[in-house]
Amino acid sequence: MSAVNELREIVAKLRGPGGCPWDQEQDHQSLRICLIEECCELIDTIDRMDMDHMREELGDVLLQVLFHAQLAEEAGLFDLEAVAKDINEKLIRRHPHVFGENKLSTSDEVLVQWDEIKQSEKKNGTQSDGLFKELPPILPALLRTMEIIKQIDKKELKVEGAFNEEKVDEIAVNLTAEEAGRRLFEVAAACRSAGIDPESALRDYTKKITTVIEEHHQSG
């Protein structure tokens, strides 16, 4: 028996009759925070390039994947095989330069092709339409904003009046990681003094920017 199959059996036994009371009480919602915590712990080992602990944290994340698959299987929805089948198909579909005849030689070409395939998937109804890529609602506001800015630059969606590009360029001149950290820390401290939740403030302002851009493109 492979180690992965053994892990699947362990999870099923923990959930089954005579298993662990805590594991038996869990559902998808109750495990959300566990998944977040395990992913954060894995990211910490990656940042520190701590390979010994990275192996352990990868196992913890894998356990979360198997646990959710087990819950879905018990409900008659899908199982781990279906999860693997879906991602296998997606990887093959989005890498025709590897699994097909359309050979590419640079990462830039791959990214262009990737976007074309995703657009095709939208037309086929596998993804929702929209100017901006859908992002997980739980994604931290700063990460969400960085992703939105990347999409604005990549798709050349800059719209006059959406935000002050000159101010951004002015701040970016000679900006170091330490200076950026200082500015962000000071803004967070100022928000606390003013009774403002910085997460909500940034999330709302980013939403305002995307709305302005979307309205501009719809009217154009």
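Bear in mind these aren't lab numbers, they're just calculated from the coordinates by the rules spelled out. Quick caveat, the model's predicted, so the values are computed rather than measured. Counting neighbours? That spans all protein chains shown, and the Cβs are built from the backbone with ideal geometry, glycine included.
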* Contact order normalised by residue count of the chain, Cα under 8 Å, 6+ apart, percent -> 13 percent
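List the trypsin sites (Lys or Arg not before Pro) within the range 1-70 that fall in a DSSP loop (any state other than H, G, I, E or B) and whose Cβ has at most 11 other Cβ atoms within 10 Å. Can you show the working numbers first?
Working: sites: Arg8, Lys13, Arg15, Arg32, Arg48, Arg55; in loops: Arg48.
Those satisfying the criteria are Arg48.
Contact order normalised by length for the range 141-219, with contacts defined as Cα pairs under 8 Å and 6 or more residues apart; what percent is it? Numbers along the way, then the final one.
Numbers: 26 pairs, mean separation 47.1, N = 79.
Relative contact order of the range 141-219: 60 percent.
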* Asked: Roughly what angle does helix 198-219 make with the longest principal axis of the chain, taking Cα atoms, 0 to 90 degrees, to the nearest 10?
  -> 70 degrees
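Suppose R0 equals 22 Å; then what is the FRET efficiency for Val4 and Cys39 from their Cβ-Cβ distance, rounded to the nearest 0.05?
Numbers: r = 19 Å, r/R0 = 0.88.
Result of the calculation: an efficiency of 0.70.
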* For the residue pair Ile138 and Ala180, what label-to-label distance in nm results when each label sits 7 Å from Cα along the Cα-to-beta-carbon direction? -> 2.6 nm
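Starting from 0.36 nm per residue, how many nanometres of slack lie between Ala12 and Glu214 once their C-alpha separation is accounted for? Don't skip to the end; give the middle numbers.
Details: separation 202, 0.36 × 202 = 72.72 nm, distance 4.66 nm.
That pair, Ala12 and Glu214, stretches by 68.1 nm at full extension.
Which value at 222 nm does the chain reach when only helices count, each DSSP H run of 4 or more adding -39,500 (n - 2.57), with the total divided by all residues and rounded to the nearest 500 deg cm²/dmol? Write down the numbers at each step before the final one.
Values: 11 runs with 155 residues, N = 220.
Value at 222 nm, helices only: -23000 deg cm²/dmol.
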* Asked: Which ³J(HN,Hα) values in Hz, rounded to whole numbers, follow from the phi angles of the range 19-25 under the Karplus curve 6.51 cos²θ - 1.76 cosθ + 1.60, where θ = phi - 60° and Gly and Pro get x?
  -> x, 8, x, 5, 4, 5, 7
* Asked: Any idea how far apart Arg94 and Leu63 come out in nm if each label point goes 7 Å out from Cα toward Cβ?
  -> 2.8 nm
* Roughly what angle does helix 177-194 make with the longest principal axis of the chain, taking Cα atoms, 0 to 90 degrees, to the nearest 10? -> 90 degrees
* Please report, in cubic angstrom per residue, the volume enclosed by the convex hull of the alpha-carbon atoms of the chain. => 224 Å³
* Structure fact -> Nearest 10, in degrees from 0 to 90: the angle of helix 51-74 to the longest Cα principal axis of the chain is 70 degrees
